[in-house]
Amino acid sequence: MTMLLPRAKLWDAKYSVEFQFNPKSVSVSHSARLKEIATAKNSETNDLGSKPEDKTISLTKEQELERMGVTTVKIQELCFDGIDSTGHSVLYNCGTLLGWTYPVQDSNEGAEGTNEPPTQIPELQFQWGAFKLGYGAGSITVVQLTQADVKYERFTDQGEPIRATVSVTLQPTAPNPLGTNPTSAGQPARCRI
């Protein structure tokens, strides 16, 4: 009996790329906005020690991500070799990855044919078997592909690429894509005396 290993894949509503082989490495990093966190904490009380008026501010998705800091996922040295199991060529897969790094027109910004420039790169879904970004994260992560580095390594006699090594950088679009800390599941405001 042959056991099929799950393959990592990225997809949107129109296209999908299935990685033929496991990557050499996957690194997940997050950079917190410490200065802004300290400023927000200090502004919770005014000079007299009382709390300022309650002001509700609604943030856009991009502002919320900026406030929480940036999480990135770097997937290094993915190999594409020949035609994959879905019938896609190396050129198709690499071209799709590179294409996802370009801005597209947001569906909420108006009808096609307007003179407004594209404003954001498309949202994709990323999944790789049981791999998760954090303890409480889901197995499918909504991301944007912020960088794709393609190195074509073999070609047919007509010049068509038949092998490539690719590294990609993904940025999850959720404010906290890593899920919750398992130690934070206790009752709030409890302390041991």
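Residue pairs whose Cβ atoms lie under 7 Å apart, sitting 6 or more positions apart in sequence or on different chains, and linking a residue in the range 128-146 that is modelled with pLDDT under 90 to a partner that is of a type in the set (Ser, Thr, Tyr) and open to solvent by 50 Å² or more (accessible area, probe 1.4 Å), are Gly136/Thr180.
Contact map, the range 86-112: first residue within 24 Å of Arg163 (Cβ to Cβ), second residue β-branched (Val, Ile, Thr) and at pLDDT below 95, Cβ cut-off under 6 Å, separation 6 or more or different chains; pairs are Ser89/Ile83. Checking each residue in the range 111-167 for being of a type in the set (A, V, I, L, M) and touching an Asp or Glu at 6+ places or on another chain (Cβ under 8 Å) picks out Leu124, Val142, Val143, Ile162, Ala164, Val166. Against the condition modelled with pLDDT under 60, small (Gly, Ala, Ser) and closer than 25 Å to Asn176 by Cα, how does Ala40 come out, does it pass? Spelling it out, Ala40 is indeed modelled with pLDDT under 60, small (Gly, Ala, Ser) and closer than 25 Å to Asn176 by Cα. Filtered by the rule that a residue be farther than 15 Å from Trp11 by Cα and surrounded by 17 or more Cβ atoms within 10 Å (Cβ to Cβ), the range 116-133 gives Lys132, Leu133. Within the range 1-37, being among the aromatic types (Phe, Trp, Tyr) and either part of a strand (DSSP E or B) or modelled with pLDDT under 85 (or both) holds for one residue alone: Trp11.
Asp106: in a loop (DSSP other than H, G, I, E, B) and modelled with pLDDT of 90 or more, yes or no? Considered against the rule, which asks whether it is in a loop (DSSP other than H, G, I, E, B) and modelled with pLDDT of 90 or more, Asp106 comes out as no.
The values are calculated or read from the model by the stated rules, or taken from the named source; none is laboratory data. For clarity, every value in this text was computed on a predicted model and none was experimentally measured. With ideal geometry, Cβ positions are generated from the backbone for all residues, glycine too; neighbour counts draw on all protein chains shown. Note: accessible area is taken over every heavy atom of the protein model, side chains too, but ligands, DNA and RNA are not part of it. Shrake-Rupley method; radii C 1.70, N 1.55, O 1.52, S 1.80 Å.
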